[in-house]
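The structure appears right after this line, and notes come after that.
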Amino acid sequence: MKISEVVDKTGLEALNGWEDEDLTGVYISDMVSDIITGANGCGLLLTLQTHKSLIAAANLVDVGAVVFAHDKRPAADVIDLADKAGIALFTTPDHTWKYAVKLFELGMR
Amino acid sequence: MSTCAHTWSMTDVRSGYLVIEGCYHCGARTSFFSLEPVVPIDEYREGEHFWEHLGGYQAVTFNLRCDTCGELVDLHDMTGLMLSTCTDPRCDVGRLALELGKRVSIYVALCADSSHTSGSCVSDAGVLALSEYFNQRLRSGRRKIVVVPCKMCDRIDRCQGIVIADTGLTEFY
């Protein structure tokens, strides 16, 4: 599923510039040590964490897009780091479970 | 030398704490991985060093095993990974970053002895396997990963970068 389709159908707000690409799956985690061992390349990462270490981990495992739940928003320097890494950042007002259900209903696994 | 074109997978994944200590006598830094249920915060003397607790972060350790030939690369000597943001031409890592450009991300494999007084660091085999493993997982073609040992940094305790660690999750203890 394309990032653009997920954005349109789940009402995401973009936090930086992004290029459309296929998302291979979903990973939900708030621990960077878990992300580097569990997340897959080009997947969507759903998280509450907004610090730089999150971007360092997402870049290492080639995450396609990060969605911050509960309207969380990273600081400007974190967005700058994501821009350099080419990682798309979005936020949703939904809490993690509610947004996860939306992704499931879209057919993402 | 192996002729296998390795396909690496993580194995022996263990969750614990990355504990960082400093010697208030000489300023050296050391770190180790702890499997204790809470972060150890002991102060103790070890030879000429007087180690005190500087921080503890939830972290994982792992080894790499080749799915094809079964070769195991032991990464017990690595305590973490740091995304380097160094562009200092006086530092080998910074110089490498300038040479490779923006599409290459350099990750520094951190060893326990950040001051390298023992002369040891993350093994060459470990660094090579880490580079191969993380590049094999890339799917987007947007970037390339290069892993280097922390001994390559000019001064690792002053090196600019972002350590992959779950900071701020242990203050409740």
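Counting only lysines at least 8 places from A:LYS98 when in the same chain, those with an alpha carbon closer than 18 Å to its own are A:LYS9, A:LYS72. Applying both filters, DSSP loop and at most 16 other Cβ atoms within 10 Å, to the chymotrypsin sites (Phe, Trp or Tyr not before Pro) of the range B:1-49 gives B:TYR24. Reported value for the range B:71-136: 98 Å³ per residue, from the convex hull of its C-alpha atoms. Using only alpha-carbon positions in chain A, the gyration tensor eigenvalues give semi-axes of 18, 15, 14 Å once each is multiplied by 5 and square-rooted (largest first). Is the shape of the range B:48-92 best called rounded, prolate or oblate, per the rule: a/c under 1.5 gives rounded, else a/b larger than b/c gives prolate, else oblate, with a ≥ b ≥ c the square roots of the Cα gyration tensor eigenvalues? In terms of gyration-tensor shape, oblate. Of the two radii for the protein assembly as shown, the radius of gyration is 0.98 times the Kirkwood radius, both from the alpha carbons; that is the Rg over Rh value. For B:LEU54 and B:TYR24, the difference between the fully extended length at 0.36 nm per residue and the C-alpha to C-alpha distance is 9.7 nm. Only DSSP H runs of four or more residues enter the estimate; each adds -39500 (n - 2.57), and after division by the residues of the protein assembly as shown the mean residue ellipticity at 222 nm equals -7000 deg cm²/dmol.
Free of any GluC sites (Glu not before Pro) that DSSP assigns to a loop and that have at most 12 other C-beta atoms within 10 Å, the longest stretch within chain B is B:49-170. Among the trypsin sites (Lys or Arg not before Pro) within the range B:95-141, those in coil by DSSP and having at most 14 neighbouring Cβ atoms inside 10 Å are B:LYS102, B:ARG103.
Label sites at B:GLN160 and A:GLU19, each approximated as a point 7 angstrom past Cα along Cα to Cβ, lie 2.5 nm apart. With a Förster radius of 30 Å, plug the Cβ-Cβ distance of A:LYS9 and A:ARG73 into 1/(1 + (r/R0)^6) and report the FRET value to the nearest 0.05. Here the calculated transfer efficiency is 0.90. Considering chain B at the alpha-carbon level, its Rg and Dmax are found to be 16.9, 50 Å. For the range A:1-77, the list of GluC sites (Glu not before Pro) that fall in a loop by DSSP and count at most 15 other C-beta atoms within 10 angstrom reads A:GLU19. Between helix B:124-137 and chain B there is an angle of about 60 degrees, using the helix long axis and the longest principal axis of the Cα atoms. Put a plus charge on the Cβ of each Lys and Arg, a minus charge on the Cβ of each Asp and Glu, and nothing anywhere else: the dipole of the range A:3-106 about its Cα centre is then about 320 debye.
Read-outs throughout are calculated quantities, based only on the coordinates presented, and are distinct from any laboratory measurement. In this text the structure is predicted, and so the values were computed from the model without any measurement. Note that each Cβ is placed from the backbone with ideal geometry, even for glycine, and that neighbours are counted across all protein chains shown.
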